[in-house]
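**Student:** Pasting a structure below so you can have a look.
What follows is calculated from the coordinates using simple rules that are stated; it is not laboratory data. Note that the structure is a prediction, hence the values are computed from the model and not measured. Positions of Cβ are generated from backbone atoms using ideal geometry, with glycine treated the same way; all protein chains shown enter the neighbour counts.
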Amino acid sequence: MLTRIAIAAVLTALSTAAIAQTAEEQQLCMDDAFKVCSNTIPDRNRTIACMVANKSRLSAGCQGVSAINTIRSVIGVNLETLRPEPTVEGYSTPGGYSSKAVKPIALRMCMEISKLIESEFPGRTLSGLGGVESGEDAAQFILLGSNTVQVCTGVMKFGYECVKPMCDQLLAFMEKHGFETLDDFRGASLPYFTTHTELVRMQKERKAAQAEAKKMVKADGEWNGDDFVAQSDALATGDHDIPHRHGDVDRRKSS
């Protein structure tokens, strides 16, 4: 019961800065960004670098941030009327791109902010949002380090009653993996992010290892009882790609 109440509290945090406890603390977080790094906004990377470089100037009252808000966008242009859409009296203005469409962007930003908080601002917190409409969505934000998860457009679409199935889905996820509390899996996916260069290196090493493992027998000492049939076939056909393990299927021969 306590876990369910805690999850409900997490999912129903609907303020725009749910972690900051007072209006003054919320304003401090906003003021810091503009006071210290106004010349870098809206360039996210430059703003992050600026905040890190000037963290001694940040207000102690700012306890956390929420991310992300909607993304200003233009949905298209009508090629008949040549007017941007949607139109009001023939005119338009950029609007907020939200809901499920922004979830991949929100997850990426929350991942980056979580890593930044961990390395540069320990003790601060993150409230994640952007496309949360299910307990599974909430779990993903928590796995990427969010302390709480917010729902906005989902409530607009489905009403406040959407929170109960979210709680049930999140609890089902936790039970499946044996998690007792949100802290048991908060940030658990963060260690599995790396650079493109590192991904290429790891894949290259795996392919090289597989190629080495598939080489034909060249000496008596390389015969393996479990792979004897496959090794014999490889010698007979010159096929280096015959499966290693006894019982594996050679798909090319079965097609």
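**Student:** To make sure I understand, if each residue's beta carbon is the centre and we count other beta carbons within 10 Å, what order do H196, H177 fall in, fewest to most?
**Tutor:** Working: H196 7, H177 11.
The most exposed by this proxy come first: H196, H177.
**Student:** Cβ under 10 Å from E133's Cβ, E133 left aside: what net charge do those residues give with Lys, Arg +1 and Asp, Glu -1?
**Tutor:** For residues surrounding E133, the net value is +1.
**Student:** Net charge near C162, counting Lys/Arg +1 and Asp/Glu -1 over other residues with Cβ under 15 Å of its Cβ?
**Tutor:** Neighbour charge sum, excluding C162 itself: -2.
**Student:** With the radius of gyration and the Kirkwood radius both derived from the Cα set of region 105-151, what is their ratio Rg to Rh?
**Tutor:** Here the Rg-to-Rh quotient is 0.96.
**Student:** If we count every other residue with Cβ under 12 angstrom of T153's Cβ, Lys/Arg +1 and Asp/Glu -1, where does the sum land?
**Tutor:** Once all neighbours under 12 Å are counted, the net charge is +1.
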